[in-house]
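Written below as structure tokens is the structure these notes are about.
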Amino acid sequence: MRLRVQLPTRWVRIDLAGDVDAQIDEFLAARLLTVPPRQRTALARTLEPLRQGYRSLGDTAALMVASPVYPVDGRSAHPQLVFLPFDPPEGQTPLDAVLAVASTDASAALLDLPDVVALRTSSSVPIPEQSAGSGTPGRDLDGGVPPLTTRRWRYLVGDPTRPHAWLLVMADVTLPTADDAGEIENLLDAIAGSACLVDDDLDPTTPRHPPASTTPEESR
């Protein structure tokens, strides 16, 4: 099976079954071009930990990583999305798992999508001040570091008639604590809701629900 998902323009996908290092080199080079030359050394130090993180994902069941080249909030927000096949606990169907999460996690919310079930949960983790250094996404490269929080979203997405083809989508972004993440959440909802696993021997239709106000780029 392979992953199909619609990404907004200027987003990059890293296929974890391919040449991960080459894809990371291209992604990091594109990110460096988004800032003035005097800021590139500092940004390169910030981005380098992503390389090892993406490499380590290649040793897991993860299928793909996606992230924008340009910040989605126009300043510093670069969400990281990881797509994995979802295997429910033994003896459960994916819908059983959705119901279990929905009944125990106060943040759980069902997305309003046709044809598929998509459950979102979310959480926030403040970053200690001493950790908000040069390696932390969201740093102001010209100087100060505002209080930062990592926002995390988790999605269970699938067609109830295809229990073997569900996905777990994990999204993280570090933002100034005072920032409202509502628009980012809406964007992540649209991306996660467009994701699906398709059989290799089928010619699948266009993925569902492209992100609003973007020109979608299909990931094959």
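Quick look at the values:
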read-out: Candidates per trypsin sites (Lys or Arg not before Pro) in the stretch 1-91, loop by DSSP, up to 12 other Cβ within 10 Å; value: ARG75
read-out: Sulfur and carbon atoms: percent of accessible area, the stretch 1-106 [1.4 Å]; value: 55 percent
read-out: Euclidean distance between Cα centres, the stretch 82-97 to the stretch 7-38, Å; value: 30 Å
read-out: Rounded to whole Hz, the Karplus (6.51, -1.76, 1.60) HN-Hα couplings of the stretch 149-154, x for glycine and proline; value: 9, 8, 9, 10, 10, 10
read-out: Largest-first ellipsoid semi-axes for the stretch 4-85, taking √(5λ) over the Cα gyration tensor eigenvalues, angstrom; value: 22, 15, 10
read-out: Area of GLU48 that stays accessible when all protein chains are in place (1.4 Å probe, Å², to 10); value: 90 Å²
read-out: Area of SER123 that stays accessible when all protein chains are in place (1.4 Å probe, Å², to 10); value: 60 Å²
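The values are calculated or read from the model by the stated rules, or taken from the named source; none is laboratory data. No experiment lies behind these values; they were computed from the predicted model shown. Every residue, glycine among them, receives a Cβ derived from its backbone with ideal geometry; neighbour counts consider all protein chains shown. For accessibility, only protein heavy atoms count, side chains too; no ligands or nucleic acids. Shrake-Rupley method; radii C 1.70, N 1.55, O 1.52, S 1.80 Å.
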